[in-house]
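For reference, the structure discussed in these notes is given below.
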Amino acid sequence: MWPLNVMLMQCAICENYLLSYVDTIDISAILPILVKIPHMKWNSQVTKSRRSSFLVGTSETTRTSIRISNQFNGFSEWLAGLIDGDGSLLISKKGYPSCEITVGLEDEPMLRVIQNELGGSIKIRSGVKALRYRLHNKPGMMKLLGLINGLIRNTARIKQLHHLCAIYGVPFIYPDKLHNKHYWFTGFFDADGTVTYSLKNKDPQLTISVTNKLLVDVLPYQEVFGGYIYYDRSQNGYYKWSIQKRESIMEILEYFKICRSKSIKSHRLHLIKEYYNLKDLSAFKASPDSSLFKAWLNFNEKWNTPN
């Protein structure tokens, strides 16, 4: 167990951290519908990394067995991003911790990756086309905590992680600094991202976007990858980060080559270069009986029918 003075210090630090998030969120109340937010500076909290020496448990044997090694960094970052977007860190009324992640049926393989690492169960949610992953056994939850502590950054999930740390007597670790090879972006994209194209003045326009209820939770994408953020009052209000310029999209594709998506959305990411090749040839407006137009139809069939 950590000394009382250390735990109190951690709680005080974490409280200030949460208050800073609340101050930031207040700006959502003054933004009108569909306002484009220009590039904004976001000073991420920078702290010395303690992940390599992070220990949980009470005995030295337990602590050593679940130290975080570098080989898990990519998976840990990705998992934290996915939990930030589609997950919850819950505490039952009886004080039992659990983790839940809910995704569409088509993303079952993604949940199997997590299950293979941590255990847990995967069940269909009744009445909806979705799957819920649930982890609640203590060894699995302690391993999860060791993986994601210091990587969670979603406003709501920060508070949940703090409660989880308190139950296990583990100091809360600040989110690490994001950069253009950090897997968190992929995990959050797998949860809340989209790859679409639509016709604009009869010309196809490709968009990669990420949406969330809070501005602060999509700002990192703008900081690292550029683009714009919009606010929309529909669906109870949400913020949408998006990029449409080809150079920006090709840049983020280079990122996804390193930090690969594990969701069904990777299917469309792999088709983006083919999309641009056909667009450059104006295949979308070729003669209907031409081979070029047939190639465009074949592309659309692949685009809309994941393997």
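All of the numbers you see were taken from the coordinates with simple rules; none came from a lab. Quantities reported herein were computed from a predicted structural model and do not represent experimental measurements. Note that each Cβ is placed from the backbone with ideal geometry, even for glycine, and that neighbours are counted across all protein chains shown.
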Exercise. Note down, for the range 164-261, the three equivalent ellipsoid semi-axes (square root of 5 times each alpha carbon gyration tensor eigenvalue), biggest first, whole angstrom.
Key: 29, 18, 11
Quiz prompt | Protection proxy ranking of 216-222, 245-251 - average other beta-carbon atoms within 10 Å, highest first | solution = 216-222, 245-251
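Longer than 28 Å from Cα to Cα, which of Lys94/Lys262; Lys177/Lys245; Lys213/Lys262; Lys200/Lys273; Lys245/Lys294; Lys202/Lys294 are they? Say none if no pair is. Write out the running numbers ahead of the final one.
Working: Lys94/Lys262 34 Å; Lys177/Lys245 26 Å; Lys213/Lys262 23 Å; Lys200/Lys273 19 Å; Lys245/Lys294 26 Å; Lys202/Lys294 18 Å.
Beyond 28 Å: Lys94/Lys262.
Could you size up the charge dipole of the range 184-304 around its Cα centre, putting +1 on the beta carbon of Lys and Arg and -1 on that of Asp and Glu, and report it in debye to the nearest 20? Walk me through the intermediate numbers first.
Working: 17 positive and 13 negative charges, 45 e Å.
Taking the Cα centre of the range 184-304 as origin, the dipole is about 220 debye.
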Quiz item: At what distance in angstrom do the alpha carbon centres of the range 264-297 and the range 93-144 lie from each other?
Solution: 37
Quiz item: Which far-off residues, 5 or more places away or on another chain, put their amide H under 5 Å from the one on Gly87, with H placed in the peptide plane?
Solution: none
Self-check item: Relative packing of peptides 281-290, 229-238, 143-152 - highest average C-beta neighbours within 10 Å first
Solution: 143-152, 229-238, 281-290
Practice problem: Would you please give the FRET efficiency between Thr196 and Lys123, computed as 1/(1 + (r/R0)^6) with r the Cβ-Cβ distance and R0 = 35 Å, to the nearest 0.05? | Solution: 0.75
Quiz item: Which length gain, in nm to one decimal place, applies between Asn116 and Arg260 when the Cα-Cα distance is subtracted from 0.36 nm times their residue separation?
Solution: 50.0 nm
Quiz item: Among all the aspartates and glutamates, which ones have a C-alpha under 14 Å from Lys285's C-alpha, if same-chain residues fewer than 8 places away are not counted?
Solution: Asp203
Exercise. Calculate the all-directions average of the projected area of the range 118-228's alpha-carbon convex hull, and give it in nm².
Key: 9.8
